[in-house]
1. What full-extension length gain, to one decimal in nm, is calculated for S42 and K172 as 0.36 nm per residue of separation minus the Cα-Cα distance?
2. With an 8 Å Cα cut-off and a minimum separation of 6 or more residues, compute the relative contact order for region 143-251 in percent.
3. For region 88-120 and region 122-137, what is the separation of their C-alpha centers, rounded to whole Å?
4. Please determine, in degrees from 0 to 90 and to the nearest 10, the orientation of helix 120-133 with respect to the longest principal axis defined by the Cα atoms of the chain, where the helix direction is its Cα long axis.
5. Most mobile of A23, A208, A238 per a Gaussian network model of the chain (Cα springs, under 10 Å)?
6. Can you figure out the FRET efficiency of D155 with R95, using R₀ = 25 Å and their beta-carbon distance, to the nearest 0.05?
7. Given R₀ = 30 Å, FRET efficiency for E216-A335 by Cβ-Cβ distance, to 0.05?
8. How high is the relative contact order of region 139-196, given as a whole-number percent (alpha carbon pairs under 8 Å, six or more residues apart)?
Amino acid sequence: MKTLILPLLLACGAAAAADDPLAAYRRDLIQGDVRGALSTISATAELPPRDARAVACVRERFAAPAAAAEEGPAAPFLQAFRRYWHSQMLGTAKRDEAQAALLSDLNTLLPEPGWDRTSIDAATDQARLHLERAGLHALTGVTHPYYELMVWKKDSPRSFKVRLPEQDVTVKVVFLDAFLSRGWLSYASCGRYGTGGWTADDTLYALADRYDTTSEEFRVSYLGHEGQHFADKRAFPALEQPELEYRAKLTELVLASDPMPLLRKFASGAQHGRAAPHPHAEYWLAHDLAVRLFGRGQTDPDWSKADPRQVQAAARGLLVDGTRRARAAGAARVARLLPD
C-alpha cells in the first residue's frame, strides 16, 4: 500500500476558534467523516459566507448518490471513487465492503492484463497507469483514511532553494493545473479544504492555483512544510506520517513572520489519535509547546499570552530535539517519535 503524505490547507480566512462549530466540522472532514461533520453544524447556523456556501454544498452533495462525473477518459474512474468515498464518508459501508466495491468497479473498467486483480492496491495503481496512457496525470495510493484519486491535465517544473531551520535544501517543484479531481478531502468539503501539494521521490508537487509564489504562505506553508518532508524522508526514511506532519508544522512556526495565526489554527484542529495524522500531529504540537511555554499541566493554554518569539524558539527547540532523538534511535529505522 502506497501511503501519500499530503498537507492539508485551510482554503482562506482565519482559523476557527477551538470552541467554534467550524473547528469540529473541519476536524471531522479531515478525518473523512462527512456524517459527523454535518452533525456539528446546524442548518440555521450563522457562518461566514464562504463557509456557509461550502456547508450547503456538502449537504446537497451527500444527500444523494454520487453524481455522474464529467465526460472523458477519467469520468468512469472518478465516478467509481466517488461512490467509494460516499459509502465511507457517510458510514453506509464498512471499510472492507467499500474497498471490495471499488475493486470490483476498477476490475470492470481496466482492460489491461498482467496485474493482480484481487488487490485493491494493484488496481488503484493500474488506474493511475491507465489514465496516464490516456494523456492525463494522476495520483493514487492512500491519503489516510481513504484511497485517493487526483487527476490533472497540465504541469510545469521549477527549482527553489529552501532555508529550513536545520539545513538548506534545493528542491524541484512541479506546478499542477487543470484538475479533474483534487482528491477526497476537496470532494468531501466542496473545495473548502484540500491538498496543496505533496512530495514524491526528490520532487515537490504543488497545485498551481493554490499559491502566489511571492507570498509568505507559499514560502512557509508550502516550501517550508514540504521541504521539511523532503529532508526528513531522506534522513529518516521509516518515519511515520504523524511524525512527519509534526515536524513540518513546527517548521512552519519557525519560518512564519508571525507564528500565532498558524499556532491557533493548529491548536483548533488538534485531536488525539494516530489514525488521523494531521490532527494527531497538531495535538502533540500544541501539547509540547504548551509544556515548554507554560509548564506541565497546561492542557488548554491561553495562546494570546504567548510571546511569538518564544513560540518560535520553542518550536525550533522541539524540532532540534526530535532530530537528536531520531538519530539516537537509528536514523534508518526510527518510525515513531510521538506517543499514541
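1. Gain on extension, S42 to K172, equals 42.4 nm.
2. That works out to 22 percent.
3. Using only Cα atoms, the two centres lie 15 Å from each other.
4. On a 0 to 90 degree scale, this one is about 80.
5. A238
6. It comes out at approximately 0.20.
7. 0.40
8. That works out to 30 percent.
The values are calculated or read from the model by the stated rules, or taken from the named source; none is laboratory data. Just so you know, these numbers come straight off a predicted model, no measurement behind them. No Cβ is skipped: glycine too gets one built from the backbone with ideal geometry, and neighbour counts run over all protein chains shown. These accessible areas exclude ligands, DNA and RNA; they are computed on the full protein's heavy atoms, side chains included. Shrake-Rupley method; radii C 1.70, N 1.55, O 1.52, S 1.80 Å.
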